[in-house]
1. Which residues, counting only those in region 232-287, are in contact with a strand residue (DSSP E or B) (Cβ under 7 Å, 6 or more places away or on another chain), part of a helix (DSSP H, G or I) and surrounded by fewer than 21 Cβ atoms within 10 Å (Cβ to Cβ)?
2. If you go through region 249-269, how many residues are within 11 Å of residue 225 (Cα to Cα) and free of Cβ contacts under 8 Å to residues at least 60 places away in the same chain?
3. Suppose the filter is closer than 30 Å to residue 201 by Cα, touching a strand residue (DSSP E or B) at 6+ places or on another chain (Cβ under 7 Å) and in a helix (DSSP H, G or I); does residue 47 pass it?
4. Being free of Cβ contacts under 8 Å to residues at least 24 places away in the same chain, more than 15 Å from residue 186 (Cα to Cα) and surrounded by fewer than 19 Cβ atoms within 10 Å (Cβ to Cβ) is the filter here, so list the residues in region 151-175 that pass it.
5. If the requirement is being farther than 18 Å from residue 346 by Cα and either more than 20 Å from the chain's Cα centre (by Cα) or without any contact (Cβ under 8 Å) to a residue 40 or more places away in the chain (or both), which of these qualifies: 62, 93?
6. Can you name the residue in region 76-93 that is assigned to a helix (DSSP H, G or I) and crowded, with 18+ Cβ neighbours inside 10 Å and, of all such residues, is modelled with the lowest pLDDT?
7. Quick one: would you say residue 114 is outside any helix (DSSP H, G or I), touching a strand residue (DSSP E or B) at 6+ places or on another chain (Cβ under 6 Å) and modelled with pLDDT of 95 or more?
8. Please pick out the residue among 300, 239, 309, 232 that is closer than 30 Å to residue 169 by Cβ and modelled with pLDDT under 95.
């Protein structure tokens, strides 16, 4: 924690999507590190959740649409950040079937806006674009997807993330490599768990809603395997990469996976069982097949990050589920969510 904290102390950091699930954890971590943060997010229901878990009064909050190019440019140029973390996205697969145009516009054009404005920021040292593990062409590889594997997607969410990756690469080759002003990279992680996630069609939020509404839990594809990890795991990777990009503008300019060991896997059924065990509730679970196609096996190969960034998971999958259960138990018992968020950030980074 000391090395990362010392590096990020007083650094000017711009975060898009800072009120989202991972965005709120990243923002809270940087507040803990003493960074000067500006966040840019939609003024929607996530704002209330974000304010409940993050010390929001310690950062500059801008509430608008990532597609508003002129305002985004104005705020970025005024703030003149050293590091940008771009997380703003439509991040739900099922939502991409309901709102395909919104999904593509936000995930593709929103990223393009950040890329175009970035080359105009005088003090920028590092640009980290967060996409998704679902940017890979679905081949259900047991070895886990590597950064060099084919990009693609059979649903619009996956396709939009793959498109963002391709546009990033083309933009970097056309402008960033020639200018050589700052380091830049994309990062791929997915299926993170942790407190503060209230998204629809996600397993842990669905568990909590079943408790609050006193209803049976309905889940899709109980045997599906995902690269489960706590939100702080990829966030530690993003922060480490952001630092490396600042210190070396060329060496780390490439895509990076941040996922658990391919040997550490749990299916949806086991995740649910462990979560209810740790949180101390018993619920009847009903399995109901979804009305859209989903990948049964999804693994990331993070050997590159392990070798070149010296990054690896700190918490086991069971530890991650336990920490998540602790957070939501605090929520159910109406305890201070800012305190438990801060407590878990300190616990996690003490182990690095």
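1. Once the filter is applied, which keeps residues that are in contact with a strand residue (DSSP E or B) (Cβ under 7 Å, 6 or more places away or on another chain), part of a helix (DSSP H, G or I) and surrounded by fewer than 21 Cβ atoms within 10 Å (Cβ to Cβ), region 232-287 yields 246, 268.
2. Residues flagged as within 11 Å of residue 225 (Cα to Cα) and free of Cβ contacts under 8 Å to residues at least 60 places away in the same chain within region 249-269 amount to 5.
3. The answer is yes for residue 47.
4. Within region 151-175, 152, 174 meet the criteria.
5. Matching residue, one of 62, 93: 62.
6. Restricting to residues being assigned to a helix (DSSP H, G or I) and crowded, with 18+ Cβ neighbours inside 10 Å, the top hit is 93.
7. No.
8. Only one candidate passes the filter, namely 300.
The values are calculated or read from the model by the stated rules, or taken from the named source; none is laboratory data. Because the structure is a prediction, the values reported are computed rather than measured. Glycine gets a Cβ as well: all are built from the backbone with ideal geometry, and neighbour counts include every protein chain shown.
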